[in-house]
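Colleague: This is the structure I want to talk about, given as structure tokens.
Every number in this text was worked out from the coordinates using simple rules, so none of it is lab data. Nothing here was measured: the structure is a model prediction, and the numbers come from that model. Note that each Cβ is placed from the backbone with ideal geometry, even for glycine, and that neighbours are counted across all protein chains shown.
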């Protein structure tokens with residue numbers, strides 16, 4: 001276990017992100033025994049113009065203008081920094097040398113703000129923990145001189161359109177030069193091993209406080225007129241991650257089932273024919289503290305994931321949430337889901353997915369529910385961060 005250290009975190013998710021955040025959970029676990037500076041990513045010029053009416057962007061602009069403090073203490077051991085700098089929009093720049101030059105400028109602006117905060121807080125010999133931030137944190141080893149630089153890879157970002165032009169090249173170089181790679185799936189760990197022998201699988205945790213001891217929750221008003229069986233999904237409803245065709249197949253093949261989808265929709269889903277199918281119900285985005293009341297009344301919880309380079313290695317945090325309330329789960333079969341195979345039914349085809357849902361409805365039992373709950377609770381942030389600590393200690397010992 002690592003204690004009484006200073007830890008600086010950079011990443012892709014701001015502290016106040018609407019959806020659940022691995023990085024925020026990890027930061028809170030770090031802060032139980034260490035001091036943590038959580039650095040929100042700086043806004044770039046294009047986003048500042050395009051999203052000028054977004055309250056989060058307006059807050060960042062106020063920080064840039066000096067109208068709000070850039071450094072805020074969140075708890076006794078956690079500070080959040082909103083950097084007082086503007087980044088240039090460079091993801092699609094070419095050729096490579098021009099991108100690299102502009103990326104260095106962005107990194108230098110970013111590092112200046114972090115160094116200023118570190119000095120104000122009196123951080124010394126700090127650990128730098130980078131949550132999948134491929135570009136903005138690429139030069140931070142040279143610019144910040146951390147005692148240890150950890151890269152945490154939780155998604156195959158380099159397959160996403162934004163990172164396609166430079167992502168694989170830059171991520172590979174980043175992995176080669178930093179001290180260690182930690183990953184929340186074995187597939188992503190293996191990606192790290194191609195570039196850095198100090199690459200470790202650290203699993204992932206789940207915040208169960210929203211899902212434990214929820215026996216007395218009342219049925220939400222918008223579920224009351226939906227007949228069982230209810231086949232439910234909770235999470236981002238994005239075509240990048242969810243299979244529209246599979247959802248359509250389930251609904252049309254089993255009109256007596258009701259498919260309930262909870263979460264924000266992207267353009268593809270908003271325009272899809274799923275909205276015209278009577279037994280598919282889009283209930284919209286709900287507050288995190290409301291989700292357990294919906295999940296409680298699902299007969300089966302599903303994750304009809306699209307299989308693609310972007311998703312194949314993803315750790316499905318929602319599966320732990322489903323299982324923590326004892327729900328039968330059917331999901332797409334992926335490398336990451338193999339770890340859940342004893343407690344979930346995994347499907348490769350739409351028909352197999354349908355068969356598994358049918359079987360889950362028929363074969364559920366109290367004994368199976370208790371086994372699912374017990375298994376989910378082995379996936380705590382305490383356990384995952386303990387693995388991160390262990391990896392850091394191995395690498396620090398090898399430097400001595």
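Colleague: Return one quarter of the surface area of the convex hull spanned by the alpha-carbon atoms of the chain, equal to its mean projected area, in nm².
Modeller: Details: hull surface 81.5 nm².
Mean orientational projected area (the chain, Cα hull): 20.4 nm².
Colleague: Using alpha carbons only, how many degrees (0 to 90, rounded to 10) separate the axis of helix 167-177 from the longest principal axis of the chain?
Modeller: Rounded to the nearest ten degrees, it is 60.
Colleague: Which of the three applies to the stretch 208-376, rounded, prolate or oblate, going by the alpha-carbon gyration tensor with a ≥ b ≥ c and a/c under 1.5 meaning rounded? Walk me through the numbers before you get to the answer.
Modeller: Values: a/c = 1.32, a/b = 1.09, b/c = 1.21.
Cα axes put the stretch 208-376 in the rounded bin.
Colleague: Sticking with this one: With a/c under 1.5 counting as rounded, go ahead and sort the stretch 238-302 into rounded, prolate or oblate using the C-alpha gyration tensor (a ≥ b ≥ c being the square roots of the eigenvalues; past the cut-off, prolate if a/b is larger than b/c, else oblate).
Modeller: Judged from the Cα gyration tensor, the stretch 238-302 comes out oblate (a/c at least 1.5, b/c at or above a/b).
Colleague: Helix 96-121 sits at what angle to the longest principal axis of the chain, using alpha carbons and giving 0 to 90 degrees rounded to 10?
Modeller: It works out to around 80 degrees.
Colleague: For the stretch 129-195 and the stretch 244-309, compute the distance between their C-alpha centroids and round to whole Å.
Modeller: Cα centres, the stretch 129-195 to the stretch 244-309: 33 Å.
Colleague: Now for a separate question. Between 0 and 90 degrees, rounded to the nearest ten: what's the tilt of helix 244-253 against the longest Cα principal axis of the chain?
Modeller: Here the helix axis deviates by roughly 10 degrees.
Colleague: While we're looking at this one, here's another question. For the stretch 322-348 and the stretch 355-400, what is the separation of their Cα centres, given in Å?
Modeller: The two parts, judged by their Cα centres, are 12 Å apart.
Colleague: How would the stretch 328-400 be classified by its alpha-carbon gyration tensor: rounded, prolate or oblate, with rounded meaning a/c under 1.5 and the a/b versus b/c comparison settling the rest?
Modeller: On the way: a/c = 6.05, a/b = 2.19, b/c = 2.76.
It is oblate, given that a/c is not under 1.5 and a/b is not larger than b/c.
Colleague: Going by average Cβ neighbours within 10 Å, how do the peptides 206-212, 52-58 rank, with the highest at the top? Let's see the in-between values first.
Modeller: Values: 206-212: 17.6, 52-58: 11.6.
My ranking of the peptides, most packed first, is 206-212, 52-58.
Colleague: Evaluate the distance, in nm, between pseudo-label points positioned 7 Å from the Cα of residue 165 and of residue 45 along their respective Cα→Cβ axes.
Modeller: 1.4
Colleague: Moving to a separate point now. For the stretch 68-84 and the stretch 1-67, what is the centre-to-centre distance using only Cα atoms, to the nearest Å?
Modeller: 9
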